[in-house]
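Right, one structure below, let's go through it.
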Amino acid sequence: MPDTILVVDDEASILESLKGVLGDEGYRVRMADSGTAALAMLREEQPQAVLLDIWMPGMDGIEALKRIREAHPDVPVIMMSGHGTIETAVWATKLGAYDFLEKPLSYEKIVLLIQHAVSESRLLSENRALRRKVDSRWEMIGGSPSMEELKQQIATAGPSRGRVLIS
(Lines give C-alpha, C1' and ligand atoms only; values in the text may rest on other atoms or scores of the structure.)
Protein backbone atom coordinates (compact mmCIF):
# COMPACT_ATOMS: atom_id res chain seq x y z
CA MET A 1 0.00 0.00 0.00
CA PRO A 2 1.41 3.43 -0.88
CA ASP A 3 2.37 5.92 1.82
CA THR A 4 -0.36 8.42 2.66
CA ILE A 5 0.28 12.16 2.76
CA LEU A 6 -2.27 14.56 4.25
CA VAL A 7 -2.23 17.99 2.58
CA VAL A 8 -3.96 20.81 4.48
CA ASP A 9 -4.54 24.17 2.78
CA ASP A 10 -7.53 26.47 2.31
CA GLU A 11 -6.55 27.14 -1.33
CA ALA A 12 -8.11 24.54 -3.63
CA SER A 13 -5.52 25.16 -6.36
CA ILE A 14 -2.67 24.23 -4.02
CA LEU A 15 -4.50 21.13 -2.82
CA GLU A 16 -5.05 19.97 -6.40
CA SER A 17 -1.51 20.72 -7.58
CA LEU A 18 0.06 18.93 -4.59
CA LYS A 19 -2.30 16.00 -5.10
CA GLY A 20 -1.09 15.75 -8.69
CA VAL A 21 2.62 16.07 -7.88
CA LEU A 22 2.58 13.67 -4.94
CA GLY A 23 0.24 11.27 -6.71
CA ASP A 24 2.68 11.12 -9.63
CA GLU A 25 5.39 10.15 -7.12
CA GLY A 26 3.29 7.19 -5.96
CA TYR A 27 1.83 8.65 -2.77
CA ARG A 28 -1.79 8.37 -1.73
CA VAL A 29 -2.93 11.94 -1.05
CA ARG A 30 -5.73 12.98 1.30
CA MET A 31 -6.80 16.62 1.30
CA ALA A 32 -8.29 18.89 3.96
CA ASP A 33 -9.22 22.55 3.59
CA SER A 34 -8.97 23.44 7.29
CA GLY A 35 -7.19 22.49 10.49
CA THR A 36 -10.43 21.11 11.90
CA ALA A 37 -10.98 18.86 8.87
CA ALA A 38 -7.36 17.68 9.09
CA LEU A 39 -7.75 16.66 12.73
CA ALA A 40 -10.91 14.73 11.87
CA MET A 41 -9.04 12.88 9.11
CA LEU A 42 -6.17 12.12 11.48
CA ARG A 43 -8.62 10.44 13.86
CA GLU A 44 -9.62 8.10 11.02
CA GLU A 45 -6.17 7.33 9.63
CA GLN A 46 -2.61 8.28 10.49
CA PRO A 47 -0.69 9.42 7.41
CA GLN A 48 3.06 9.06 6.99
CA ALA A 49 3.45 12.86 6.69
CA VAL A 50 1.42 16.08 6.75
CA LEU A 51 1.85 19.22 4.62
CA LEU A 52 0.16 22.00 6.59
CA ASP A 53 -0.49 25.63 5.61
CA ILE A 54 -0.01 28.15 8.42
CA TRP A 55 -2.50 30.86 7.49
CA MET A 56 -6.01 29.42 7.24
CA PRO A 57 -9.38 30.71 8.44
CA GLY A 58 -10.69 29.23 11.65
CA MET A 59 -8.04 27.05 13.23
CA ASP A 60 -4.70 28.21 11.87
CA GLY A 61 -1.83 25.90 11.03
CA ILE A 62 0.09 26.63 14.23
CA GLU A 63 -2.84 25.51 16.40
CA ALA A 64 -3.36 22.47 14.15
CA LEU A 65 0.36 21.66 14.45
CA LYS A 66 0.14 21.72 18.26
CA ARG A 67 -2.85 19.37 18.23
CA ILE A 68 -1.29 17.02 15.68
CA ARG A 69 1.93 16.81 17.72
CA GLU A 70 -0.10 16.02 20.87
CA ALA A 71 -2.15 13.25 19.26
CA HIS A 72 0.41 11.94 16.72
CA PRO A 73 3.93 12.88 17.85
CA ASP A 74 5.57 10.56 15.31
CA VAL A 75 3.92 12.06 12.22
CA PRO A 76 6.25 14.56 10.52
CA VAL A 77 4.51 17.87 9.78
CA ILE A 78 5.92 20.15 7.07
CA MET A 79 4.61 23.70 7.37
CA MET A 80 3.88 25.90 4.33
CA SER A 81 3.27 29.63 4.15
CA GLY A 82 3.02 32.36 1.57
CA HIS A 83 3.58 35.00 4.24
CA GLY A 84 6.24 33.28 6.29
CA THR A 85 8.94 35.03 8.23
CA ILE A 86 12.04 33.68 9.91
CA GLU A 87 10.27 34.09 13.26
CA THR A 88 7.30 32.04 12.08
CA ALA A 89 9.57 29.29 10.77
CA VAL A 90 11.53 29.17 14.03
CA TRP A 91 8.32 29.15 16.06
CA ALA A 92 6.85 26.31 14.00
CA THR A 93 10.06 24.31 14.30
CA LYS A 94 10.13 24.80 18.07
CA LEU A 95 6.57 23.46 18.19
CA GLY A 96 7.72 20.32 16.40
CA ALA A 97 7.40 21.01 12.68
CA TYR A 98 9.67 18.80 10.58
CA ASP A 99 10.45 21.66 8.17
CA PHE A 100 9.09 24.92 6.79
CA LEU A 101 8.44 25.79 3.13
CA GLU A 102 7.65 29.17 1.63
CA LYS A 103 5.14 29.64 -1.17
CA PRO A 104 5.40 29.62 -4.11
CA LEU A 105 6.27 25.99 -3.56
CA SER A 106 9.14 24.16 -5.20
CA TYR A 107 7.65 20.79 -6.08
CA GLU A 108 11.08 19.16 -6.29
CA LYS A 109 11.84 20.31 -2.75
CA ILE A 110 8.44 19.10 -1.49
CA VAL A 111 8.97 15.65 -2.98
CA LEU A 112 12.45 15.44 -1.47
CA LEU A 113 11.24 16.61 1.95
CA ILE A 114 8.35 14.14 1.90
CA GLN A 115 10.72 11.30 0.98
CA HIS A 116 13.06 12.20 3.86
CA ALA A 117 10.24 12.72 6.36
CA VAL A 118 8.55 9.42 5.48
CA SER A 119 11.87 7.56 5.59
CA GLU A 120 12.79 9.06 8.97
CA SER A 121 9.33 8.35 10.36
CA ARG A 122 9.53 4.74 9.18
CA LEU A 123 12.98 4.30 10.78
CA LEU A 124 11.76 5.73 14.09
CA SER A 125 8.75 3.38 14.07
CA GLU A 126 10.93 0.36 13.28
CA ASN A 127 13.41 1.34 15.98
CA ARG A 128 10.64 1.70 18.56
CA ALA A 129 9.12 -1.67 17.57
CA LEU A 130 12.50 -3.40 17.84
CA ARG A 131 13.14 -1.84 21.25
CA ARG A 132 9.74 -3.04 22.48
CA LYS A 133 10.50 -6.51 21.16
CA VAL A 134 13.87 -6.63 22.92
CA ASP A 135 12.47 -5.16 26.13
CA SER A 136 9.57 -7.60 26.27
CA ARG A 137 11.84 -10.55 25.51
CA TRP A 138 13.91 -9.97 28.61
CA GLU A 139 11.27 -8.56 30.90
CA MET A 140 11.90 -9.39 34.54
CA ILE A 141 9.00 -10.20 36.77
CA GLY A 142 8.92 -9.11 40.38
CA GLY A 143 8.52 -5.97 42.40
CA SER A 144 10.08 -6.84 45.75
CA PRO A 145 12.77 -4.54 47.15
CA SER A 146 15.49 -7.09 46.32
CA MET A 147 14.25 -7.39 42.70
CA GLU A 148 14.15 -3.60 42.35
CA GLU A 149 17.73 -3.43 43.66
CA LEU A 150 18.77 -6.12 41.16
CA LYS A 151 17.12 -4.20 38.30
CA GLN A 152 18.99 -1.06 39.37
CA GLN A 153 22.31 -2.95 39.41
CA ILE A 154 21.61 -4.30 35.93
CA ALA A 155 20.74 -0.82 34.65
CA THR A 156 23.97 0.55 36.14
CA ALA A 157 26.19 -2.25 34.83
CA GLY A 158 24.43 -2.63 31.47
CA PRO A 159 26.30 0.09 29.56
CA SER A 160 29.65 -1.31 30.71
CA ARG A 161 31.76 -3.14 28.13
CA GLY A 162 33.43 -5.26 30.81
CA ARG A 163 32.27 -8.50 32.36
CA VAL A 164 29.97 -8.09 35.32
CA LEU A 165 28.81 -10.54 37.97
CA ILE A 166 25.66 -9.55 39.81
CA SER A 167 25.04 -11.57 42.94
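The values are calculated or read from the model by the stated rules, or taken from the named source; none is laboratory data. From a predicted model like this one, the values you see are computed outputs, not experimental measurements. Heads up, the Cβs are rebuilt from the backbone with ideal geometry, glycines too, and the neighbour counts pull from every protein chain shown.
Below is a table of values for the structure above.
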| read-out | value |
| --- | --- |
| Test: residue in the range 42-50 that is in contact with a Lys or Arg (Cβ under 8 Å, 6 or more places away or on another chain), assigned to a helix (DSSP H, G or I), more than 23 Å from Lys109 (Cα to Cα) and of a type in the set (A, V, I, L, M, F, W, C) | no |
| Yes/no for Ser160 being assigned to a helix (DSSP H, G or I), of a type in the set (S, T, N, Q) and farther than 18 Å from Leu52 by Cβ | no |
| Pick from the range 99-111, criterion more than 20 Å from Trp55 (Cβ to Cβ) and either at pLDDT below 95 or not aliphatic (A, V, I, L, M) (or both), ranking: surrounded by the fewest Cβ atoms within 10 Å (Cβ to Cβ) | Glu108 |
| Residue that is nearest to Thr88 (Cα to Cα) [pool: residues in the range 38-65 that are out of contact with any strand residue (DSSP E or B) (no Cβ under 9 Å at 6 or more places or on another chain) and surrounded by 13 or more Cβ atoms within 10 Å (Cβ to Cβ)] | Glu63 |
| Residue count, the range 1-41 (criterion: part of a strand (DSSP E or B) and not small (Gly, Ala, Ser)) | 9 |
| Some residue of the range 78-101 being β-branched (Val, Ile, Thr), part of a strand (DSSP E or B), under 20 Å from Val8 (Cβ atoms) and within 19 Å of the chain's Cα centre (by Cα) | yes |
| Residue selected from the range 112-157 under the condition of a type in the set (Ser, Thr, Tyr) and not in a loop (DSSP other than H, G, I, E, B), by the criterion nearest to Val50 (Cα to Cα) | Ser121 |
| Filter result (crowded, with 23+ Cβ neighbours inside 10 Å and closer than 11 Å to Phe100 by Cβ) within the range 66-89 | Val77, Met79, Met80 |
| Verdict on Ser125 being free of Cβ contacts under 8 Å to residues at least 12 places away in the same chain and among the hydroxyl-bearing types (Ser, Thr, Tyr) | no |
| Scope the range 71-93; condition farther than 19 Å from Glu120 by Cα and not small (Gly, Ala, Ser); matching residues | Met80, His83, Thr85, Ile86, Glu87, Thr88, Val90, Trp91 |
